[in-house]
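> Got a structure for you, written out below as structure tokens; questions coming shortly.
The values are calculated or read from the model by the stated rules, or taken from the named source; none is laboratory data. These numbers come from a predicted model, not from an experiment. Because the Cβ atoms are built from the backbone with ideal geometry, glycine has one as well, and the counts that use them run over all protein chains shown. When the accessible area is computed, the model is the full protein with side chains, heavy atoms only, and any ligands, DNA or RNA have been set aside. Shrake-Rupley method; radii C 1.70, N 1.55, O 1.52, S 1.80 Å.
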Amino acid sequence: MSSKPEQKETHQANGAVLPIVDCLTSPDRGQLVEPSDFLGPDGDGVEVVVLESRANAKGVREEDALLENGSQSNESDDTSTDRGPEPASPLKETSFSIGLQVLFPFLLAGFGTVAAGMVLDIVQHWDVFKYVTEVFILVPALLGLKGNLEMTLASRLSTAANIGQMDTPKELWRMITGNMALIQVQATVVGFLASIAAVIFGWIPDGHFSIDHAVLLCASSVATAFIASLVLGMIMIGVIIGSRKMGINPDNVATPIAASLGDLITLALLSGISWGLYKELESKAYVNPLVCAFFIALLPIWIIIAKKNAATREVLYSGWEPVIIAMAISSVGGLILDRTVSDPNFAGMAVFTPVINGVGGNLVAVQASRISTYLHMSGMPGESSETAPRKCPSPCSTFFSSDVNSRSARVLFLLVVPGHLVFLYTISSMQGGHTTLTLIFIVFYMTAALLQVLILLYIADWMVHWMWGRDLDPDNFSIPYLTALGDLIGTGLLALSFHVLWLIGDRDSDVGD
């Protein structure tokens with residue numbers, strides 16, 4: 001074998017075969033022996049087999065990319081290993097840089113949820129919401145679905161961008177077409193299932209069933225999910241491509257923007273479509289079934305496109321469990337919302353529900369996406385690694401350790417109170433809702449918001465690592481569960497806060513108005 005540096009052997013599963021010239025001149029390894037010890041009779045270099053675990057083979061070059069205080073390697077022309085093109089490090093960040101990058105999209109996402117809350121506060125008095133109250137059950141389910149699909153899309157694309165899978169136009173186009181087709185399939189199917197869940201949850205307490213209302217819910221849900229997926233998917237792709245070109249970590253900005261725009265656009269579409277179809281219910285009853293049939297008939301087209309793409313084929317077959325279970329969890333939150341806002345004593349809860357659920361979902365999605373990217377840079381799902389513990393972490397390791405993910409959890413948790421204060425003030429200044437912001441109301445609301453985010457960040461730390469250790473890609477599986485739990489926990493804690501305020505007689509807050 002020639003000793004020229006440009007001739008290299010690729011890494012094997014548990015070791016590397018390197019020319020001795022490279023081994024001795026690599027900056028990643030110390031000079032262990034003299035070069036003369038490894039020269040053959042004719043002066044040519046001989047091969048040396050360096051045995052090392054997969055984790056150790058990657059550890060030296062990835063430590064700099066993942067740890068805040070690691071020194072960044074500047075030997076870009078190192079030829080000791082066949083690394084291929086290495087993407088820019090997305091996680092070499094301080095607490096300040098994390099907070100700075102997250103702050104703007106977080107506020108944008110928060111104002112999006114405030115706008116969604118204001119819309120819900122207005123449309124709850126429309127006839128379709130009064131006489132087809134199951135639409136309230138659809139609200140968290142569809143908002144959660146859009147959050148799940150769009151934030152999962154954003155997380156997948158962010159990870160792909162960070163690990164160099166979208167660097168060429170061909171790779172970029174393949175990722176775009178496959179993922180857009182995939183979310184159309186998921187949105188149509190889960191939107192249909194969400195309408196069935198709304199019908200069931202609405203029928204069980206009252207024992208009343210209307211076929212016209214059931215078809216209306218199906219048409220509204222499927223049409224809303226499809227259109228919102230198309231619009232938001234294109235926006236997300238633009239955000240991720242733009243953030244990479246600007247040198248910003250897509251994990252920090254893509255998921256909050258997806259959630260903020262998703263809530264507002266989805267709720268506006270649901271309200272408008274359901275209102276329009278409700279108006280046609282008496283004179284043109286055939287419109288609702290036609291709308292359902294049209295969007296369902298498009299399913300085979302999206303399935304064929306998604307199956308042709310290797311990046312989305314696996315998710316097409318295995319990615320249904322999390323979004324369907326998440327939809328069911330969010331529907332329970334929708335049932336709580338339906339039963340709460342239907343009581344005139346708690347009508348003011350409607351404007352705050354998208355805000356508390358959206359903020360919690362945004363923050364935990366950022367954390368889950370960051371942890372997933374961190375793990376992807378150290379290997380593949382299912383690989384044993386020091387970065388992927390299988391045991392349930394302690395709260396101290398989640399929030400108070402020195403690693404970058406714990407640091408980001410602290411930053412995200414500290415954004416809760418100032419963020420919600422800004423959003424509450426915005427709602428109050430716009431005269432939204434039926435609740436005056438008294439001190440006791442703010443205390444109860446902040447307690448619910450802090451407890452929600454605290455629980456979600458801890459669950460995210462455990463769930464992402466747990467899924468990783470079981471050969472499941474967290475980008476596809478963790479975010480749907482986490483955002484659905486955020487909807488359920490947020491709605492439940494907010495409803496509990498309103499009930500307690502009403503019981504203790506906080507009349508100054510006008511909870512019962």
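> Over the stretch 127-342, calculate the relative contact order: mean separation of alpha carbon pairs under 8 Å at least 6 apart, over the residue count, as a percent.
40
> I would also like to ask the following. Could you tell me which chymotrypsin sites (Phe, Trp or Tyr not before Pro) in the stretch 178-274 are loop residues by DSSP with no more than 13 other beta carbons within 10 angstrom of their beta carbon?
Phe209
> Can I ask one more? Tally Lys and Arg at +1 and Asp and Glu at -1 over the other residues with C-beta under 11 Å from the C-beta of Ile183: what net charge comes out?
+1
> Hey, what's the Cα Rg ratio for the stretch 127-342 versus the globular rule of thumb, 2.2 N^0.38 Å?
Output field value: 1.05.
> In whole percent, and with a 1.4 Å probe on the protein chains, what portion of the accessible area of the stretch 127-342 is carbon and sulfur?
Answer for the stretch 127-342 is 70 percent, counting heavy atoms of protein chains only.
> How much length is gained if the chain between Ile296 and Val231 is pulled fully straight, taking 0.36 nm per residue apart and subtracting their Cα-Cα distance, in nm to one decimal?
Gain on stretching Ile296 to Val231: 21.6 nm.
> Using 32 Å as the Cα-Cα cut-off, could you pick out the over-long pairs in Lys130/Lys284; Lys146/Lys245; Lys279/Lys307?
Lys279/Lys307
> Roll a 1.4 Å probe over the protein chains and send me the accessible area per residue for the stretch 127-342 in Å².
Accessible surface, normalised per residue, equals 38 Å².
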